[in-house]
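Bear in mind that the values in this text are calculations on the coordinates, not laboratory data. Computed from a predicted model, the values in this text were never measured in an experiment. Neighbour counts run over all protein chains shown; Cβ positions are idealised from the backbone, glycine included.
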Protein chains: 2
Amino acid sequence: MFVPVVLGIDPGVSRCGYGVVGAEGSALSARACGVIRTPPGDPLPDRLAALQVELEGLLTEFRPVAVAVERVFFQTNVRTAMSVGQASGLALAAAARAGIPVCQYTPNEVKQAVAGYGAADKAQVQAMVARLLHLSEVPKPPDAADALALAICHLSAGRFRAAAGQKLSDGGAGGGSGFTSSAPLPGLARAIAAATARGTGKKERS
Amino acid sequence: MFVPVVLGIDPGVSRCGYGVVGAEGSALSARACGVIRTPPGDPLPDRLAALQVELEGLLTEFRPVAVAVERVFFQTNVRTAMSVGQASGLALAAAARAGIPVCQYTPNEVKQAVAGYGAADKAQVQAMVARLLHLSEVPKPPDAADALALAICHLSAGRFRAAAGQKLSDGGAGGGSGFTSSAPLPGLARAIAAATARGTGKKERS
């Protein structure tokens, strides 16, 4: 059975988090997550080139139906903004060149989608990521958990279903899969609400 | 005769300036310049992908021995910094992946190198670009002139010669070309000083 996956990217040059989430109906699962690091001592162009190669590798390996990249508006300084911009530019361009739909989400949108409210703190979001993905502990490092949260955010946003429907119809595969509406995944909002109601710190019962 | 060229890039998503400068001894010449524009109405990922394709095309077409990209530290806002970061990241990564040495220069370094002092205004720098490249008028649009200035800056910085020497020895071509030292191009500093002394607004006599 074809299980569509979404790739989340938390962009950065020194540390770029990625997370791959599969959606079988409304059941989510973590397929992979981690952090791409580039050596701080290397020249910046070489680091960016290495990052780009790794990002392209993720697209080739997991063939996501969509990519979700963190959109950062506010940074403590312009230097950080430049660096995040460089990494996010590579991610956005790589997805577009591979013909994969790509969306950006602000940290607040991710918190809202995953934890149910935009003012949630990092620990709450990470605990929710573990719960929604039926993981026994919070994924580490934090960049990887943040990337998984981005993928979950995209799945909950409903754009995924539109994108997946487009991909399936483009490829001529599997009619009647249900991936044709732009509504959120059925049950996911309910799962998020239920998991939120159970409070932070408890594990998902599965 | 092999005339090495340097590609200057003034990065931006809406408008990305490029300029190709050839150096035959100390005589500089403009080989090409222009602006890559991406439609503001298109999705950002598509615009970045299109920009990346164009940048790769410039590297393939002109095979520069080095690339010079503007380094921007200060921006009026973080949104602009993100956008410049995205474009510069694509330029830096494209050059590194093509195996071409790439350097970044701040606007002040460019002004210092081309006009002789870091506080020069845009019009003075552009007039100097026209003079040094023996052009009858200032290249338009300004992004293209800025990109040519970046290439001239790199040529005057001397790193070019080291890079060109490396490329020549890597490729096994043309020993004894003199591209082995890291000193600035002979005569270029003198040419800049002489052109500066003639003042703004006069054309280069050729």
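Taking chymotrypsin sites (Phe, Trp or Tyr not before Pro) across the range B:51-111, the ones in a DSSP loop with at most 12 further Cβ atoms lying within 10 angstrom of their Cβ are B:PHE73, B:PHE74.
Among A:ILE36, B:ILE9, A:ILE100, sorting on how many other beta-carbon atoms sit within 10 Å of each Cβ, with the fewest leading, yields A:ILE100, A:ILE36, B:ILE9. With label points defined 7 Å past Cα in the direction of Cβ, position B:ALA98 shows copy-to-copy spacings of 2.4 nm, given to one decimal and shortest first. Hey, how many Å between the Cα centroid of the range B:77-151 and the Cα centroid of the range A:81-102? Centre-to-centre (Cα) distance: 24 Å. Each of A:GLY116, A:PRO141, A:MET128 was scored by the projection of its Cα onto the charge dipole of the range A:10-162, and the greatest displacement toward the positive side belongs to A:GLY116; charges sit on the C-beta of Lys, Arg, Asp and Glu.
With a cut-off of 14 Å between beta carbons, the residues surrounding B:CYS16 carry a summed charge of -3, where Lys and Arg count +1 and Asp and Glu -1.
B:VAL53 label point (Cα plus 7 Å toward Cβ) to equivalent points in the other copies: 2.4 nm, shortest first. Note on A:HIS134 and A:ALA98: their simple-model spin labels are 2.6 nm apart, each label 7 Å out from Cα toward Cβ.
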